[in-house]
Amino acid sequence: MQPRRHYRRPTDFDTTLGLPGGRIAVRVENITCAGAAISGADLPDAGTAVELALFDGSAAAKVRWRRDRIAGLEFVAALDDRALAAVRRSALSPSRPRRTRRRRFVLMED
């Protein structure tokens, strides 16, 4: 397995994804300068051109993969550090309640 090319910044915020036929609600699970992982219902298939709404604008992207309710986006143009910092600050601001994630545990036998 190859190491990741970009550091994934964990996020947890709701936004919209622009599709050729309209917009759908999604949750951004993590983001890098090159793309993002999103979750939601009725996500588009791999290869679809989309536009992810961000706090300070939007980012054109292409769906690279989709598995059930999770998809990976690749941005057409990389986000700069300032844009990533703005997303991070806005996503974690006190006015935005954080979603509690369920932890998954695996029992290991000796």
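Here are the numbers for this structure:
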| read-out | value |
| --- | --- |
| Scan of segment 64-78 for residues that are loosely packed, with under 14 Cβ neighbours inside 10 Å and of a type in the set (A, V, I, L, M), ordered by number | 76, 77 |
| Search result, residues across segment 58-81 that are touching a residue at least 24 places away in the same chain (Cβ under 8 Å) and over 18 Å from residue 12 (Cβ atoms) | 58, 61, 64, 74, 75, 78, 80, 81 |
| Segment 27-58 - residue that is surrounded by fewer than 18 Cβ atoms within 10 Å (Cβ to Cβ) and touching a helix residue (DSSP H, G or I) at 6+ places or on another chain (Cβ under 7 Å) and, of those, farthest from residue 87 (Cα to Cα) | 33 |
| Some residue of segment 1-23 being within 14 Å of the chain's Cα centre (by Cα), at pLDDT 90 or above and in a loop (DSSP other than H, G, I, E, B) | no |
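Yes/no per residue for (1) at pLDDT below 55; (2) assigned to a strand (DSSP E or B); (3) among the basic types (Lys, Arg):
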residue	(1), (2), (3)
52	no, yes, no
61	no, yes, no
71	no, yes, no
74	no, yes, no
78	no, no, no
83	no, no, no
94	yes, no, no
99	yes, no, yes
102	yes, no, yes
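The values are calculated or read from the model by the stated rules, or taken from the named source; none is laboratory data. Predicted model only: the values in this text are computed from it and were never measured. Cβ coordinates were reconstructed from backbone atoms using ideal geometry, including for glycine residues, and neighbour counts include every protein chain displayed.
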